[in-house]
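Below is one structure, written out as structure tokens, with a few remarks after it.
The values are calculated or read from the model by the stated rules, or taken from the named source; none is laboratory data. Quantities reported herein were computed from a predicted structural model and do not represent experimental measurements. Glycine gets a Cβ as well: all are built from the backbone with ideal geometry, and neighbour counts include every protein chain shown.
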Amino acid sequence: MSADVRSPVDMTGYAETVAVRKTLRPLVQTFCLSVTGGAFIALGFVFCITVTTGAGALPWGIVKLIGGICFSLGLILIIVCGADLFTSTVLSTTALAAKRIKAPQMALNWLNVYVGNLLGALIIVALTWYSGEASAAGGRWGLNVLATAHAKLSHTFIQAFCLGVFANLMVCLAVWMSYAGHSLLDKSLIVIAPISMFVAGGFEHCIANMFLIPLAILIRDGSGPDFWQSVGAAADHYPLLTVGNFITLNLLPVTLGNIVGGGLMVGAWNRFLFSRETAAVSGE
């Protein structure tokens, strides 16, 4: 194994150390870093919506790929700037399995990060709304948000759950692979392909949806006649866009799926695979 990268065993040990450090950090610091993380993911979605608006002439898969590459900016910002993201925080299952943290500590950390991410995402929702971004490209920017969000509320519970599993499987694999690198370039480039796959596949990410769907609800309920006339649509074309539907049809099943996809299929699974070697290296 090259000295320039960590081995899978070293990555597992490093993931445990990161999880312990983040779990035991002061609550206020974690919350503030989580607000930042939620905002970063929202900014990645702003980039994604912007570049895919009006791109309908391109093949469907190419549009999805372009959007995914741009959305990866959100996770790159989080990794490079040290912000906290709920969907990667669930990797603390490694430290729990290693008995380096306790379940109540992990649960409190998850809740703190989740709420912080929500606040950060909603701050970008407010900034986006009051900036008038929804009217960009003759209103097609806002129409793109509406159509994308409405489609996310059209899944059954089990579909949303499974799409959530897929999404955080890719997000946590991206974060896990970033543990192998040491340089800024390593950590930035390695996340692009997994995140692009997650977006291109139409997978569901609870924190990204904390930005997209509330923004869509705001556009649906707050836009005036001029907006609807410019886009040739009407508010009643998007009946699923309500706060209640957002929570029950999307946020709940997607969050559960994200926990399984990242916490179990990446974090706990890698700890199981490399537990003996990791214990030997750390002297347990």
Mind checking whether some residue in the stretch 43-54 is modelled with pLDDT under 95 and either of a type outside the set (Phe, Trp, Tyr) or within 29 Å of ARG140 (Cβ to Cβ) (or both)? yes
Within the stretch 47-82, can you find the residues that are in a helix (DSSP H, G or I) and β-branched (Val, Ile, Thr)? ILE49, THR50, VAL51, THR52, ILE62, VAL63, ILE66, ILE69, ILE76, ILE78, ILE79, VAL80
Selection count, the stretch 178-200, where residues are in contact with a helix residue (DSSP H, G or I) (Cβ under 9 Å, 6 or more places away or on another chain) and touching a residue at least 60 places away in the same chain (Cβ under 8 Å): 16
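For ALA134, state whether it is under 30 Å from PRO225 (Cβ atoms) and part of a helix (DSSP H, G or I).
Numbers: under 30 Å from PRO225 (Cβ atoms): yes; part of a helix (DSSP H, G or I): yes.
So ALA134 passes the test.
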Within the set of pairs 6 or more residues apart or between chains, which connect a residue that is among the polar types (S, T, N, Q) inside the stretch 213-230 to a residue that is surrounded by 18 or more Cβ atoms within 10 Å (Cβ to Cβ) with Cβ atoms less than 6 Å apart? SER230/GLY139
Given THR248, THR255, THR242, which one is surrounded by fewer than 17 Cβ atoms within 10 Å (Cβ to Cβ), at negative phi, β-branched (Val, Ile, Thr) and touching a residue at least 12 places away in the same chain (Cβ under 8 Å)? THR242
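Pick out the one residue from LEU212, LEU173 that is farther than 30 Å from ASP10 by Cα, within 14 Å of the chain's Cα centre (by Cα) and surrounded by 21 or more Cβ atoms within 10 Å (Cβ to Cβ). Spell out how you get there, then give the answer.
On the way: LEU173 fails: farther than 30 Å from ASP10 by Cα.
Going through LEU212, LEU173 in turn, the sole match is LEU212.
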Pairs please, first residue from the stretch 129-154 and more than 14 Å from SER223 (Cβ to Cβ) and at pLDDT 95 or above, second anywhere and buried (at least 16 other Cβ atoms within 10 Å of the Cβ) and acidic (Asp, Glu), Cβ atoms under 7 Å, 6+ apart in sequence or on different chains. LYS152/GLU204
The condition from (1) at pLDDT below 95; (2) surrounded by fewer than 24 Cβ atoms within 10 Å (Cβ to Cβ); (3) within 24 Å of LEU189 (Cβ to Cβ) that TRP60 misses is numbered (3)
